[in-house]
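Read the structure below first, then the notes.
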Amino acid sequence: MRRIVIALGGNALLRRGEIADARVQLDHIAQVAPGLAEVAGQWELVIVHGNGPQVGMLALERENDRALTATYPLDALVAETQGLLGYWLQQSITNAGLTGQIATVVTQTVVDAADPAFATPTKFIGRSYDANEAHGLAASHGWRVAADGDHWRRVVPSPGPVRVIESPIVEALLGLGVTVICAGGAGCAVTEHDGRLNGIEAVVDKDHVAALLADVLDADLLVILTDVPAVISGYGTPTAHPLGHVTVDEIITEHFAEGSMGPKVAAACHFAERTGRVAVIGALDDIAAVIAGTAGTRITSAAHSPTEDTHDVR
Ligand code: ADP
Ligand code: MG
């Protein structure tokens with residue numbers, strides 16, 4: 001059976017401006033679950049999910065908790081989101097008709113403590129604020145904030161993933177026919193020193209981890225599902241247009257927004273270049289068409305010609 005890594009956007013599981021109630025997120029997950037259950041019947045499936053909105057919410061709750069003397073570090077909060085979103089996905093995908101087993105692996109992602117990303121936070125977490133509110137929170141909580149489109153959000157360091165500690169376990173589970181949810185929120189960021197792992201204050205981008213995992217697990221297809229149907233060239237300009245099939249050489253000539261589309265394009269290019277296989281970026285709502293090759297932005301390496309022109313599910 002062919003192998004697929006699907007990255008699910010945290011923002012698609014909780015849309016901008018939506019109330020973060022459990023019911024709201026469960027409803028979104030219930031909508032995507034049938035599509036994922038169907039994919040799981042045809043592919044060896046690895047699901048990596050984002051957690052930007054969710055981890056930011058937990059961080060704010062912990063900072064406001066007067067019973068604590070210190071907030072929780074980001075690696076610990078990422079672990080909490082892995083459990084919660086993994087649980088909801090397991091249950092919803094099972095209820096949607098998955099025939100086999102599904103498991104969530106709490107995952108640690110090694111980063112380099114000297115990564116320059118620690119000096120320049122780019123990863124958006126939590127909800128959106130207007131500029132005034134955001135700057136007020138930055139002052140009172142010691143946050144860094146940045147504009148995410150028309151709104152403002154907290155930003156945290158997002159170093160690149162070096163290694164996924166649990167990838168051999170994921171490989172073993174796939175071999176047993178288990179659908180695996182792993183590297184949720186890109187995995188808990190850890191440093192590795194003299195064989196010891198330690199959590200570190202960062203949120204790795206799930207798109208980069210998905211590409212790394214897809215490469216390490218020798219996946220046939222990497223699919224990055226988000227809340228827009230395609231990568232837009234000239235985003236926010238009068239010449240804006242969606243990209244269909246592009247090569248890495250074509251797409252890397254353009255700059256894409258840090259912390260949102262930038263990491264998706266970079267991750268897709270990384271996978272396409274390293275493996276000669278196809279990476280697709282598209283909408284969660286179009287999951288079947290994106291996998292079938294009829295929707296989303298397909299990125300291939302110019303150096304390799306993909307073995308087949310479409311990647312039909314059969
Ligand atoms: P996710 O949670 O799926 O990772 P992100 O917010 O990180 O979602 O990335 C998707 C968002 O990127 C879109 O909703 C859109 O607002 C933004 N975006 C920025 N640049 C582009 C672009 N060139 N094409 C499409 N969307 C873009
Ligand atoms: Mg993102």
note = With Cα coordinates, the longest principal axis of the chain makes an angle with the long axis of helix 206-216, in degrees rounded to 10, of 40 degrees
query = Can you list, largest first and rounded to whole Å, the semi-axes you get for the chain by taking the square root of 5 times each eigenvalue of its Cα gyration tensor?
reply = 29, 23, 20
ask   = Nearest 20 debye, what's the magnitude of the dipole of the range 95-231 about its Cα centre given +1 on Lys and Arg Cβ and -1 on Asp and Glu Cβ?
value = 340 debye
request  = Whenever you get a sec, compute what percent of the accessible area on the range 213-274 sits on carbon and sulfur atoms (1.4 Å probe).
outcome  = 56 percent
request  = Measure nothing but the geometry: give the 0 to 90° angle between the long axis through the Cα atoms of 261-275 and the longest principal axis through the Cα atoms of the chain, rounded to 10°.
outcome  = 40 degrees
note = Dipole check, the chain, charges on Cβ (K,R +1; D,E -1), about Cα centroid: among 152, 182, 28 the Cα furthest to the positive pole belongs to 28
key: Helix-derived mean residue ellipticity, 222 nm - over the chain, DSSP H n ≥ 4, -39500 (n - 2.57), to 500   = -11000 deg cm²/dmol
key: For the chain, accessible area per residue (1.4 Å probe, heavy atoms of protein chains only), Å²   = 44 Å²
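Taking the Cβ-Cβ separation of residue 119 and residue 27 as r and a Förster radius of 51 Å, what is the calculated FRET efficiency to the nearest 0.05?
0.85
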message = Counting only protein heavy atoms and a 1.4 Å probe, tell me what percentage of the range 1-144's accessible area is made up of carbon and sulfur.
response = 52 percent
request  = Compute the separation of the alpha-carbon centres of the range 127-192 and the range 227-265 and state it in Å as a whole number.
outcome  = 21 Å
query = Top mean-square fluctuation among 68, 13, 213, Gaussian network model of the chain, C-alpha springs under 10 Å?
reply = 68
ask   = If you take the alpha carbon radius of gyration of the range 112-200 and divide it by 2.2 N^0.38 Å, what ratio comes out, to two decimals?
value = 1.42
query = How long is the gain from residue 64 to residue 42 if the chain were fully straight, where each residue apart is worth 0.36 nm and the alpha carbon distance is subtracted?
reply = 3.4 nm
task = Would you mind counting up the charge near residue 211? Only other residues with Cβ under 12 Å from its Cβ, with Lys and Arg at +1 and Asp and Glu at -1.
result = 0
ask   = Length gain on complete extension for the stretch residue 3 to residue 193, per 0.36 nm per residue less the alpha carbon to alpha carbon distance?
value = 65.2 nm
key: Relative contact order (%) - the chain, alpha-carbon pairs under 8 angstrom, separation at least six   = 20 percent
key: In range of the label at residue 250: residues from the range 199-241 whose backbone nitrogen is under 12 Å from the point 7 Å along Cα→Cβ   = 233
key: Computed E for residue 165/residue 218 - FRET, C-beta separation, R0 22 angstrom, nearest 0.05   = 0.75
request  = Calculate how steeply helix 74-95 sits against the longest principal axis of the alpha-carbon atoms of the chain, using the helix alpha-carbon long axis, and give the answer as 0 to 90 degrees to the nearest 10.
outcome  = 40 degrees
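The values are calculated or read from the model by the stated rules, or taken from the named source; none is laboratory data. It should be emphasised that the depicted structure is a prediction, and the values quoted were computed from it without experimental measurement. Neighbour counts run over all protein chains shown; Cβ positions are idealised from the backbone, glycine included. Protein only, heavy atoms only, side chains kept; ligands, DNA and RNA dropped before computing areas. Shrake-Rupley method; radii C 1.70, N 1.55, O 1.52, S 1.80 Å.
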